[in-house]
Amino acid sequence: MLRPDDLYEIVDESVATGPAASPKVMVLSLDGFMDAGQAGRVTADHLLEVLENSLLARFDVDLLHDYRARRPEVTFAEDRFIDYSPPQLSLHLMKDDAGVEFLLLEGAEPDNHWNRFAGAVRQLIDRYNVTLTVGVHGIPMGVPHTRPLGLTAHATRPELVTRSNIWDGEMRLPSSAATMLQVRLGEAGKDAMGFAVHVPHYLAENRFPAAALALVHAISAATGLLLPSKALLDEAAVTGRLVDEQIEASDDAAAVVNALETQYDAAAGSLSRGSLLAGSTPSAEELGAEVEQFLAELNRDDDN
């Protein structure tokens with residue numbers, strides 16, 4: 001019978017383990033479900049690019065991945081196939097700008113063995129003395145790109161949620177491996193939290209570095225890690241100018257953004273600039289409809 005520790009292999013045995021290891025934060029970014037603006041993916045790539053890191057463990061994606069549902073890419077060059085890009089799911093040991101160690105679990109969301117995957121992550125959390133897990137991703141929202149981006153915070157304990165969300169109530173949503181993992185960690189008494197950055201819905205399918213920038217700042221504020229952000233800040237500025245130019249070239253697009261700005265400013269004024277939603281706070285049905293539309297667009301892209 002397949003066990004949780006059959007899903008991964010430890011690559012670096014030299015790293016301190018158990019209670020004697022220094023307490024660590026683990027940042028989690030999984031590809032494959034909802035990640036508007038590629039916010040979680042860009043966040044992980046940015047941290048790997050700008051911070052000292054090493055590979056700690058890798059998951060066996062052949063056990064976890066559905067290749068026919070999410071086919072890896074390969075390059076056809078004149079008369080041959082090259083550069084096959086297999087999915088990966090890896091755990092990295094990172095160091096922030098102050099030399100503080102933390103972990104980054106990033107890569108393809110498992111399609112199979114979710115409960116065993118959660119058990120495997122729990123084993124790694126215990127092995128490396130992880131005291132807090134922080135997940136990140138993006139969700140599409142009716143907000144303009146010309147205003148500060150909002151965040152939805154969630155956690156296994158109310159004390160971990162340090163910011164107010166912009167709606168109350170409940171809604172039923174499709175789950176993901178990351179959300180299931182947070183539930184399982186909470187049931188096991190482990191601290192876990194996450195941030196979903198609000199990405200303008202008209203940019204949800206594009207790389208939007210401003211969303212990753214907001215997530216990096218949120219992780220730093222919640223954990224105390226010193227995470228560099230200048231590269232994302234510069235890229236966000238360039239992307240913002242390009243988006244502005246394209247919107248200015250289209251009267252219809254400009255009208256949409258102007259309407260969102262007007263609604264945003266009106267809502268922000270009435271709530272002491274605490275809300276990033278256009279108009280009034282949306283109902284669970286309205287949010288669910290927007291999420292379902294985004295997922296439908298992703299499915300159409302996969303079919304094509």
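The values are calculated or read from the model by the stated rules, or taken from the named source; none is laboratory data. Since the model is a prediction, treat every value here as computed from it, not as a measurement. No Cβ is skipped: glycine too gets one built from the backbone with ideal geometry, and neighbour counts run over all protein chains shown. For the accessible areas, the whole protein counts, side chains as well, though only heavy atoms, and no ligand, DNA or RNA atoms are used. Shrake-Rupley method; radii C 1.70, N 1.55, O 1.52, S 1.80 Å.
Counting only lysines at least 8 places from LYS190 when in the same chain, those with an alpha carbon closer than 26 Å to its own are LYS24, LYS95.
With a 1.4 Å probe and all protein chains in place, put THR162, THR223, THR43, THR17 in order of accessible area, largest first.
Numbers: THR162 115, THR223 40, THR43 0, THR17 65 Å².
Listed by decreasing accessible area, they come as THR162, THR17, THR223, THR43.
Residue-wise HN-Hα couplings along region 237-247, as the Karplus relation 6.51 cos²θ - 1.76 cosθ + 1.60 with θ = phi - 60° gives them from phi, are 5, 5, 4, x, 5, 5, 5, 4, 5, 5, 5 Hz; Gly and Pro carry x. For the set SER229, SER14, solvent exposure ranked by accessible area (probe 1.4 Å, protein chains only) runs largest to smallest as SER14, SER229. Take the chain with all the other protein chains still there, run a 1.4 Å probe, and you get 52 Å² of accessible area per residue. In percent, rounded to a whole number, the relative contact order of region 172-247 is 23, using alpha-carbon pairs under 8 Å and six or more apart.
With a/c under 1.5 counting as rounded, go ahead and sort region 1-63 into rounded, prolate or oblate using the C-alpha gyration tensor (a ≥ b ≥ c being the square roots of the eigenvalues; past the cut-off, prolate if a/b is larger than b/c, else oblate). Kindly include the intermediate steps, with their values, before the conclusion.
Working: a/c = 2.13, a/b = 1.22, b/c = 1.74.
Because a/c hits 1.5 or more and a/b fails to exceed b/c, region 1-63 counts as oblate.
Sparsely packed loop sites in region 193-264 (the trypsin sites (Lys or Arg not before Pro) outside DSSP H, G, I, E and B with at most 16 other Cβ atoms within 10 Å) comprise ARG207.
The distance linking region 39-111 with region 129-202 is 22 Å (Cα centroid to Cα centroid, whole angstrom). Heavy-atom accessible surface of MET94, to the nearest 10 Å², is about 0 Å², with a 1.4 Å probe and all protein chains retained. Within the set (i) 45, 27, 13; (ii) 33, 20, 19; (iii) 32, 24, 20, the number that semi-axes √(5λ) of the Cα gyration tensor in Å takes when calculated for this structure is listed as (iii). Solvent-accessible area of TYR67, all protein chains in place: 70 Å² (probe radius 1.4 Å, heavy atoms, ligands and nucleic acids excluded). Quick check on the chain: of the DSSP beta bridges with both residues there, what percent are antiparallel, nearest 5%? That works out to approximately 55 percent antiparallel. Ligands, DNA and RNA left out, the 1.4 Å accessible surface of the chain is 49% carbon and sulfur atoms. Each residue of region 124-134 is assigned a 3J(HN,Hα), and the resulting list reads 5, 4, 5, 4, 9, 6, 7, 9, 8, 10, 10 Hz, derived from the Karplus form 6.51 cos²θ - 1.76 cosθ + 1.60 (θ = phi - 60°), x at Gly and Pro.
Under a Cβ-Cβ cut-off of 12 Å, what is the net charge of the residues other than THR156 that fall near it, where Lys and Arg count +1 and Asp and Glu count -1? Could you put the intermediate results ahead of the total?
On the way: positive: ARG157, ARG184, LYS190; negative: GLU159, GLU187, ASP191.
Overall, the nearby charge balance is 0.
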